[in-house]
Amino acid sequence: MEEKGIKLAGTLLGPVSVAILETKEGYLVLPVGSLLPGSEAVLRRIESDRVVLALKDESLEIALENTQAGGGQ
């Protein structure tokens, strides 16, 4: 996933939860069960701060990166 530059940009949980993934080519919005384009990896689970991808017998967890800048209120 690192070579494809995939990062978790966000998740939206609901009746049809989706993961928002940032790639070198742009953003992808994918529900559970989707294949990642150009890959055999399947999006297996979406949580509020992470997703789990599966490829054959292996799995990979990608956590949400904290991109918010600190600051006053």
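The values are calculated or read from the model by the stated rules, or taken from the named source; none is laboratory data. In this text, all values refer to a predicted model and were calculated from it rather than measured experimentally. Cβ: placed from backbone, ideal geometry, glycine included. Neighbour counts: every protein chain shown. Note: areas computed on protein heavy atoms with side chains; ligands, DNA, RNA excluded. Shrake-Rupley method; radii C 1.70, N 1.55, O 1.52, S 1.80 Å.
For beta carbons closer than 6 Å, sequence separation of 6+ or different chains, a first residue in the range 13-30 that is within 16 Å of residue 45 (Cα to Cα) and a second that is assigned to a loop (DSSP other than H, G, I, E, B), the qualifying pairs are 21/6. Looking at (1) out of contact with any Ser or Thr (no Cβ under 8 Å at 6 or more places or on another chain); (2) at pLDDT 95 or above; (3) outside any strand (DSSP E or B); (4) open to solvent by 60 Å² or more (accessible area, probe 1.4 Å), find the lone condition where residue 70 falls short. Residue 70 satisfies all of (1) out of contact with any Ser or Thr (no Cβ under 8 Å at 6 or more places or on another chain); (2) at pLDDT 95 or above; (3) outside any strand (DSSP E or B); (4) open to solvent by 60 Å² or more (accessible area, probe 1.4 Å) except (2).
Taking (1) open to solvent by 20 Å² or more (accessible area, probe 1.4 Å); (2) out of contact with any Phe, Trp or Tyr (no Cβ under 8 Å at 6 or more places or on another chain); (3) under 12 Å from residue 6 (Cα atoms) in turn, residue 31 satisfies each apart from (3). Only a single criterion out of (1) in contact (Cβ under 8 Å) with a residue 40 or more places away in the chain; (2) over 10 Å from the mean Cα position of the chain (by Cα) is not satisfied by residue 10, namely (2). Within the range 36-56, the residues that satisfy the criterion of being open to solvent by 50 Å² or more (accessible area, probe 1.4 Å), under 12 Å from residue 19 (Cα atoms) and not in a loop (DSSP other than H, G, I, E, B) are 44, 45, 50.
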